[in-house]
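Each remark here refers to the structure printed beneath this line.
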2 protein chains.
Amino acid sequence: MEGFLADCPGRLTVELLADKWSVVVLAGLSRGPVRHGDLIDLIGGGISRKVLTQTLRRLQSHGLVTRRAHAEAPPRVEYALTPLGVTLVEPIHVLTTWARTHGEAVLDAAAE
Amino acid sequence: MEGFLADCPGRLTVELLADKWSVVVLAGLSRGPVRHGDLIDLIGGGISRKVLTQTLRRLQSHGLVTRRAHAEAPPRVEYALTPLGVTLVEPIHVLTTWARTHGEAVLDAAAE
DNA sequence: CAGGATCCTGTACGATACTG
DNA sequence: CAGTATCGTACAGGATCCTG
């Protein structure tokens with residue numbers, strides 16, 4: 001059973017999500033297409049527009065997110081999950097549900 | 001529905017796992033107590049002893065992992081999940097299963 | 001409204017060597 | 001075997017200003 005965590009694609013994919021915002025952004029897209037600005041409101045602040053764009057671009061380049069810019073004035077850009085991205089909704093939902101349920105306990109432990 | 005991702009304990013808890021190794025280390029502990037060195041083998045290399053210790057310490061300080069040092073020579077230290085940590089096994093299993101299943105597709109998309 | 005360009009800081013991570 | 005100490009680098013992420 002040695003090295004059962006070593007398989008490479010899986011690990012690299014976990015690393016893709018291993019930053020401060022990827023999971024949160026994907027959760028924000030899980031209910032349907034969202035505009036750039038609305039995504040910031042949805043997340044509830046704390047993320048800068050620059051970092052949001054960077055995060056979306058990386059997720060896009062990995063085939064999880066689509067970007068659609070409407071030729072209008074003012075500009076309107078909508079982000080959405082790809083079919084592949086949709087398959088991530090369930091795992092992320094499980095994770096965020098855990099976080100909401102046990103978040104208090106984790107923070108309490110850290111406070112000691 | 002604005003700000004449905006803003007609840008604080010949940011986000012901080014997600015951030016706890018938002019680094020390169022936390023998820024992998026927890027997965028390594030999910031089958032039972034493991035020694036420091038065995039954990040490195042289990043992970044399959046790539047993690048230094050320093051970083052492994054740092055990661056374990058942080059997880060320990062958040063109540064997810066226990067550390068038990070046996071007074072022997074040579075030293076033997078076993079890490080295990082706390083009851084709280086055990087509740088994380090399922091979410092992590094879901095995530096890693098997804099990563100193994102869709103990792104190829106994600107990397108293929110990134111390669112273009 | 002969306003987001004690019006800059007600048008700046010903290011820190012996660014890695015390599016190596018040393019200790020009990 | 002487990003862990004610490006030290007050093008160095010890379011990059012994430014925040015603040016601010018500017019553009020179509």
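By the rule of a C-alpha distance below 30 Å, with chain neighbours fewer than 8 residues away ignored, the lysines paired with A:K50 are A:K20, B:K20.
The residues of the stretch B:16-112 have, on average, 49 Å² of accessible surface per residue, using a 1.4 Å probe with all protein chains present. Other residues lying with their Cβ under 10 Å from the Cβ of A:K20 contribute a combined charge of -2, Lys and Arg counting +1, Asp and Glu -1. Using the Cα gyration tensor of the stretch A:9-111, with a ≥ b ≥ c the square roots of its eigenvalues, what is the shape: rounded (a/c below 1.5), prolate (a/b larger than b/c) or oblate (neither)? Prolate, because a/c is 1.5 or more and a/b exceeds b/c.
In the stretch B:1-106, which GluC sites (Glu not before Pro) are in a loop and have at most 15 other Cβ atoms within 10 Å, using DSSP for the loop call? Counting only loop positions with at most 15 other Cβ atoms within 10 Å, the GluC sites (Glu not before Pro) in the stretch B:1-106 are B:E2, B:E72. Top mean-square fluctuation among B:V65, B:V25, B:V77, Gaussian network model of chain B, C-alpha springs under 10 Å? The residue that fluctuates most here is B:V77. In order along the stretch A:75-81, the phi-based Karplus estimate (6.51 cos²θ - 1.76 cosθ + 1.60, θ = phi - 60°) of 3J(HN,Hα) comes to x, 9, 10, 10, 9, 8, 7 Hz; Gly and Pro are listed as x. Solvent-accessible area lost on pairing B with A (1.4 Å probe, both sides summed) amounts to about 4600 Å².
Here the protein assembly as shown is treated as an ellipsoid with the same Cα gyration tensor; its semi-axes, largest first and in whole Å, are 34, 20, 13. Taking the Cβ of A:R76 as the centre, find all other residues whose Cβ is under 10 Å away and add up their charges (Lys, Arg: +1; Asp, Glu: -1). The answer is 0. For chain A, adding -39500 (n - 2.57) for each run of n ≥ 4 DSSP H residues and dividing by the number of residues yields -18000 deg cm²/dmol at 222 nm. Enter the angle in degrees (range 0 to 90, nearest 10) between the Cα long axis of helix A:49-61 and the first principal axis of the Cα atoms of chain A, meaning the one along which they spread out most. Roughly 80 degrees, rounded to the nearest 10.
The values are calculated or read from the model by the stated rules, or taken from the named source; none is laboratory data. None of the values given here were measured: they were computed from a predicted structure. Positions of Cβ are backbone-derived with ideal geometry, glycine not excepted, and every protein chain shown enters the neighbour counts. Calculation scope for accessible area: heavy atoms of the full protein, side chains included, ligands and nucleic acids excluded. Shrake-Rupley method; radii C 1.70, N 1.55, O 1.52, S 1.80 Å.
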